[in-house]
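The values are calculated or read from the model by the stated rules, or taken from the named source; none is laboratory data. Just so it is clear, the model here is predicted, and its values are computed rather than measured. Neighbour counts are summed over all protein chains in view; Cβ atoms, including those assigned to glycine, are modelled from backbone coordinates with ideal geometry. The area values use the complete protein model at the heavy-atom level, side chains included, leaving out ligands, DNA and RNA. Shrake-Rupley method; radii C 1.70, N 1.55, O 1.52, S 1.80 Å.
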Amino acid sequence: METVILAVVIAVVVLGALGGLIVGSRRRRPLPPAPPETPDITAPPAEPHVGEEAETPRDEERRTIEEVDLPGGTPVAVEEPPVVEAPPIEIPEPTAGRLVRLRARLSRSQNALGKGLLTLLSREHLDEETWEEIEDTLLTADVGVQPTQELVERLRERVKVLGTRTPEELRGLLREELLTLVGPDMDRTVRTEPESSKPGIVMVVGVNGTGKTTTTGKLARVLVADGRTVVLGAADTFRAAAADQLQTWGERVGAYTVRGPEGGDPASVAFDAVKEGKEMGCDVVLIDTAGRLHTKTGLMDELGKVKRVVEKHAPLDEVLLVLDATTGQNGLIQARVFAEVVDITGIVLTKLDGTAKGGIVVAVQRELGVPVKLVGLGEGADDLAPFEPEAFVDALIGD
C-alpha cells in the first residue's frame, strides 16, 4: 500500500515539473515589434497631365489667408455697363413756305404735264385733233374724266376770245385754269386745335405700302416745328416693327409714343394714347392705324371700332387718308372705301415725286369732296409739306 502511494506522489511531482518547463519556454519567446505611432501612407501616383502640366505636382509652401498681404487702399476697378444715350432731339425746319423750297424737286417730275399742254396750246391752228391730244395729256396725268372735260371747255372758250397767243399769255391762261381746277379756296388747314379742350386728335389711315407710318412721323415733325407738343399712338399692332419705327420718329423730335404688345388690340392702344395725351396736357395726339386692305371687310370694321373707341374720350378733329400718288385710279377706289368707314377730312399724297402724276390732286379732291392738305415729295425727314395750290401749279407748268 505504501508503495502505491509513493508511486502516485512521484508521478504528480514529475507532471508538475514538466508543466513548469513548458510555461517557462513560452515566456522566453520574443514578442512582435509594436506598430509605429504614425503610419507611413504611400501616396497614389499623380494623374497624367498634358503640356506644361505634365510634371508631377510638387509640395509647395502655402500661406493662410491671414498671411496674404491685401493691397492697401487701392480701389478695385469694376466695369460699369455701358450707358445708352438717348438720341439728340432734332429741330425740324419751319413749315412756312416748305413747298416753295421743294418746288424744284416737284417740278422735275411734273414738268411733263405743263410743258406738254403749253406746247399743244402754242400751235398755230388748234383743230379737233389738237384738243383731243390736250385731253389725252390731262387724262394721262390722272386728272380724271370730268375735270378734264371742264378744263378743255374753258380753255377752248378763252383761247377763242384771246385770238393771238404769246407764250406768256398762254402760260398765264393755263396757270389760272389749273389753279381753278385745284381749288385755291379750299380749307387746307390740318385741324389740331379743338374748340373745347386739349388735345387735338388726328387719326391717320390708309392701305399698306402708302407710307402711312412714315407720314405720321413726319407730321409729328411738322407740328413740332410749329411749336406743338405731340403724343404718338402706335395703333398699328399687326405690322412687325411698326411701333418701333414710329417711336424712332417720335424720339427724334421729343414726342412720347404710346404702344402695346405686337398683335394686341389697336383700339386699346388708341384709347390709351388719347388718355395719356390728356394727362400730359399735350397739344396733339397722332394715332397711326394698321394698313388696312380695303378689300377685307373685317379689317375695315375694326378700323371703324378704333374710331368709335377714340371718340369715347373726345371727337376726332382730323382723319387723314394717306394715298400713294403713283397708284392713280386705284388710289381713288381705296379713297371711296375708307370714306365710307371713317369720315375722311383730308388727304395726304405721298410719293408725289419721281414718276407721279400731279393730276391725282384734282381727281381725289373731286372724288371725296375733301382737300389735299399735305404732300410728300421725297424720303427726307422734312419732305412732308402743307399743300399750297399756287406753288403746286407753278411747279406743274414750270418757269
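Listing for the model above:
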{"item": "Over the range 306-350: Rg over Rh, Cα atoms, Kirkwood Rh", "result": "1.05"}
{"item": "Between the range 121-168 and the range 316-341, the alpha-carbon center distance in angstrom", "result": "29"}
{"item": "Gained length - E176 relative to E262, 0.36 nm times residue gap less alpha-carbon distance", "result": "25.9 nm"}
{"item": "Measure of compaction for the range 181-297 (Cα Rg per 2.2 N^0.38 Å)", "result": "1.07"}
{"item": "Simple spin-label estimate for E132 and V337 in nanometres, 7 Å along Cα-Cβ", "result": "3.6"}
{"item": "Zero-based 10 Å bins, Cα pair distances in the range 113-194, whole percents", "result": "15, 50, 22, 8, 4, 1"}
{"item": "Whether the range 307-386 is rounded, prolate or oblate, judged on the alpha carbon gyration tensor where a/c under 1.5 counts as rounded", "result": "oblate"}
{"item": "Fully extended contour minus Cα-Cα distance, from Q329 to E169, at 0.36 nm per residue", "result": "54.4 nm"}
{"item": "Rounded accessible area of M280 (nearest 10 Å², 1.4 Å probe)", "result": "100"}
